[in-house]
Amino acid sequence: MQNKIVHLLPEDVTVPECKRILNFKPFLEYIKKAKERTNTHKQFFFSYIIEQFELHPNLMVAVSLDEMKNHEPLMELIYNSLSKMVDDEELNYWSLSLPMKPTIFYGTNAFYNLISSIAVNNICPSVSSVGSVRLEGNPVEFVYAVILEKYYGIPSYFSRDIVHALEDKDTGLTRYFQATPDTRFIDILPEKKLPDIKFDIIQSGNYDKSEKLKWIQEKLPLDMFRFEGFGITTLKDVSVKFAVENIRNFTLNHNLNNTDNDFTNVIRWLKIIVENNDIEFGLLPALHVNNKLVFNDGLFANSVLVHAAREVGVEESNYLLMIEKYFNNPKFLFFSEITKEEKEKHEYLSLLASFGIFSYALIPVYFGKDMVGVLEIYSRKKVVLDESLIVRLDPVIPLLSQLLKNGVNEFNEGINKVIKNKFTSIQPSVQWKFNEVAWHYLRDKRLTKSDREIEDIGFKNVYPLYGAIDIRNSTLERNIALNNDLQVQFEILVKMLEKLKTNSGFGLIDEKIFVAKKWQREMHDAETFNQNILVNEFLETNLIPFLLDFKKGNAEASAIMEEYFNAINEENGIAFNRRRLLEKSMSTVISSVNNFLEKMQEDIQVAYPSYFEKFRTDGVEYDIYIGQSIAPGKPFSDIYLKNLRLLQLQSMAAIAKLSAALSGTLPVNVQTTQLIFIHSQPIEIMFRKDEKRFDVEGSYNIRYHVVKKRIDKVLIKDTEERLTQPDKIALVYINQQDANEYIGYIEYLQEKNILNNDLEELELEELQAVNGLKALRVGVVKDPHFLPAEIPLAERYVGK
């Protein structure tokens, strides 16, 4: 037993000051009553205790902590009277403290040894403060729990659980000890009359725990009470229980969608369970795509086997094949030491040893009958992995099973989500309708015992918004690029043919040279040359077969032709260079526009659920539909339509800025045009089961579809000027009322310095079956540094 003062609270945790008197009067009264209740030999022991304490009457009134070092025999009597005779003080974490405050002044060797192995910041030889301590639970709540039970008959208003988290300096691990305070020998005495309190106010559920405590402290401040006696604190090691509970909470509450999908905390808790900081853990979920194992870096990416394979440069396909062999025949593997013989037998052990792994175990984890992954246990130090360690993990294996199952489910849901969002028309905004129709189909099939035609899926009275972003003069640019590449190709071709003729004297080559030079002359003017089909016919059906036949068995001719065949390689040949650069530039712009529209779609759904559909051409076209029928659970108003129209105009301005900013960074300068078709009347759309997409329904509605398809190359009336131009937004309309609404939006964006003050109101040429079209056209303020991904959501479309 030891007598030393230790403050068992971290520095950042305080208990309100109140009147605390250390004395032993409550204990002596308890012993006297215990003596009266027994007629066994215990009476002699109780009499001896009473006799010894009555020799020190000052202990019944008040005593200081410093004086307690003079009364160790009496403290030992307290321990012996309250503990079991067979208790080993070297194992029993038991101590005496001030009343309602964890300031320890006497305890077992086990208690002090635990504290001294962790205690820092010694204040004086007899007093220390435990610095590396954390608390789970609130000591003040505990005090009020005792008061409320004693004086108001409320037994569990606040939690009495207090857990001390102590950092073990020897292992580096956290150990958790649950404190069980014994208040039998503390008298709680009110210094004034206690108030009547109606607890139903905070029992209504409108207060959280901290608010409840604050409310109680205002009604019953602790300075209203006097605490006399002493407390007893018993600590119980609950590290394993605490770790298991934390893993359970992690499994239940962890959001797998987070980019921070960290397994570090779980590993720390597993180390606490096995009580060894040198043992590491890894999880590898059984993720499959088309029945083939895959490894996802974003989901529990902590498999040591995968990391070892990558570290030594093993191809992913090779190490996945190695892991898949194990998954096809899973079993418990245990290597307390990776020996030379084991490395020769198992390729993966050789891999791990090269990564510094000394011992390794692999446990297949099942969810029901399905294997959902594996748990790796390993160490880089010479520590013994044995079966007793595996047994310690038994309580958490079901939790790890659930964690892996959650990971597998999340991975599969992510795949399905991408398919839905990127490859089908079933978007979240209309998913409810598909669910409803599918349910009706299954219900009716079960009731009628026969297959019925599934219901049509459509939405009436929805407002359409159409937009198109097109690569300016994409066909002309492709023709120019092709012509440039052909000129390079024919230059190399003619030189190659002339060299062949010189070396071989083969007469037919002269005819090939003649035709090649003829095409060279004709394609000199790229803008007027339009005989690419005939050129291609000459190259593919005339020249290439001749060259292939000529080089058979002719090594010298084959060497001469090598430069030409290298030049016409589509992937890296010089004769495809201009086309590759053009396609790369166009692809960069369209991909950036697509990414931008994806972000815009997210913002649209925040305001009001809408259906959004994109189409890839030489640019990007999109339709947006908004209306009550798409979101029957949310009241629709024209404010949502107007908000969407403004959002569309803002996004077109941002796209124009984006493409202009990109143009200076591309191998080929490509420009985009921006077009909006304003249609003010609601339409009906239906899901085409054969095409797996939505389309307009009804003759009047089809007119909307016809118009939007015919305006992409429309000219301004009585001119040869195309409406759509780079760095401008064109808005086609029929009704002047619609134009007036958009003019208001344009003026707003001009004020924000997003659009130029160059608004044009234009009449358009008549199109087949379409007349009376007009347009607005306005320039966009350029910004060479425009990077929309770096702009906050609220400012994404209105600039920096």
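Only one entry in Leu497, Leu548, Leu543 is surrounded by fewer than 14 Cβ atoms within 10 Å (Cβ to Cβ) and either closer than 17 Å to Ala567 by Cα or modelled with pLDDT of 85 or more (or both), namely Leu548. Of the residues in the stretch 675-684, at least one is farther than 16 Å from Tyr625 by Cβ and buried (at least 16 other Cβ atoms within 10 Å of the Cβ).
Here is the figure for the stretch 308-326: residues that are of a type in the set (Gly, Ala, Ser) and open to solvent by 70 Å² or more (accessible area, probe 1.4 Å) total 1.
Per-residue answers, yes or no, for (1) touching a His at 6+ places or on another chain (Cβ under 6 Å); (2) more than 20 Å from Phe459 (Cα to Cα); (3) among the polar types (S, T, N, Q):
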| residue | (1), (2), (3) |
| --- | --- |
| Gly553 | no, yes, no |
| Asn577 | no, yes, yes |
| Ser587 | no, yes, yes |
| Leu597 | no, yes, no |
| Glu602 | no, yes, no |
| Tyr608 | no, no, no |
| Tyr611 | no, no, no |
| Val620 | no, yes, no |
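Only one of the numbered conditions (1) part of a helix (DSSP H, G or I); (2) among the small types (Gly, Ala, Ser); (3) open to solvent by 30 Å² or more (accessible area, probe 1.4 Å) is violated by Gly553, and that is (1). On inspection, Phe576 qualifies as touching a residue at least 40 places away in the same chain (Cβ under 8 Å), among the aromatic types (Phe, Trp, Tyr) and open to solvent by 10 Å² or more (accessible area, probe 1.4 Å). Being in contact with an Asp or Glu (Cβ under 9 Å, 6 or more places away or on another chain) and either crowded, with 20+ Cβ neighbours inside 10 Å or within 15 Å of Tyr564 (Cβ to Cβ) (or both): is that true of Lys512 here? The answer is no for Lys512. Condition test on Val798, is it surrounded by 14 or more Cβ atoms within 10 Å (Cβ to Cβ), under 36 Å from the mean Cα position of the chain (by Cα) and modelled with pLDDT under 95? Yes; evaluated as a whole, the condition is true for this residue.
If you take the residues in the stretch 743-754 that are within 15 Å of Lys728 (Cβ to Cβ) and either modelled with pLDDT of 95 or more or assigned to a helix (DSSP H, G or I) (or both), which one is most open to solvent (accessible area, probe 1.4 Å)? The extreme case among them is Gln750. Which condition does Leu91 not pass, out of (1) of a type in the set (A, V, I, L, M); (2) surrounded by fewer than 18 Cβ atoms within 10 Å (Cβ to Cβ); (3) assigned to a helix (DSSP H, G or I), if it passes all the others? Of (1) of a type in the set (A, V, I, L, M); (2) surrounded by fewer than 18 Cβ atoms within 10 Å (Cβ to Cβ); (3) assigned to a helix (DSSP H, G or I), only one is false for Leu91: (3).
Just wondering, is there one or more residues in the stretch 449-467 that are closer than 30 Å to Val606 by Cα, free of Cβ contacts under 8 Å to residues at least 40 places away in the same chain, open to solvent by 40 Å² or more (accessible area, probe 1.4 Å) and not in a helix (DSSP H, G or I)? Give the steps one after another, and end with the answer.
Taking the stretch 449-467 as the starting set, the residues that turn out to be closer than 30 Å to Val606 by Cα are 455-467.
Okay, now just the ones that are also free of Cβ contacts under 8 Å to residues at least 40 places away in the same chain, so 455.
Cutting the leftovers down to open to solvent by 40 Å² or more (accessible area, probe 1.4 Å) gives us 455.
Within this subset, residues satisfying the condition of being not in a helix (DSSP H, G or I) are 455.
The answer is yes; a qualifying residue exists.
Name the residue that is nearest to the chain's Cα centre (by Cα), counting only residues in the stretch 706-735 that are basic (Lys, Arg) and in a strand (DSSP E or B). Steps first, answer last, please.
Keep residues of the stretch 706-735 that are basic (Lys, Arg), which gives 708-710, 713, 717, 722, 728.
Those left that are additionally in a strand (DSSP E or B): 722, 728.
Details: Arg722: 46, Lys728: 38 Å.
Once the filter is applied, the top-ranked residue is Lys728.
Can you say whether Arg380 is in contact with a strand residue (DSSP E or B) (Cβ under 8 Å, 6 or more places away or on another chain), open to solvent by 60 Å² or more (accessible area, probe 1.4 Å) and closer than 22 Å to Glu337 by Cα, as far as the supplied structure shows? Walk me through how you get there before you give the answer.
On the way: in contact with a strand residue (DSSP E or B) (Cβ under 8 Å, 6 or more places away or on another chain): yes; open to solvent by 60 Å² or more (accessible area, probe 1.4 Å): yes; closer than 22 Å to Glu337 by Cα: yes.
When the stated conditions are applied, Arg380 passes them.
Please go through the stretch 631-658 and pick out each residue that is touching a residue at least 60 places away in the same chain (Cβ under 8 Å), in a helix (DSSP H, G or I) and of a type in the set (A, V, I, L, M).
From the stretch 631-658, those touching a residue at least 60 places away in the same chain (Cβ under 8 Å) are 631, 641-642, 644-658; that's our starting set.
In the following step, the residues that additionally are in a helix (DSSP H, G or I) were identified as 641-642, 644-658.
Leu641, Leu644, Leu646, Leu647, Leu649, Met652, Ala653, Ala654, Ile655, Ala656, Leu658 - these are the residues of the stretch 631-658 that are touching a residue at least 60 places away in the same chain (Cβ under 8 Å), in a helix (DSSP H, G or I) and of a type in the set (A, V, I, L, M).
The values are calculated or read from the model by the stated rules, or taken from the named source; none is laboratory data. Since the structure is predicted, the reported quantities are computational estimates derived from the model, not experimental observations. Using ideal geometry, Cβ is built from the backbone for each residue, glycine included, and neighbour counts are taken over all protein chains shown. The accessibility values were calculated without ligands, DNA or RNA, using every heavy atom of the protein model including side chains. Shrake-Rupley method; radii C 1.70, N 1.55, O 1.52, S 1.80 Å.
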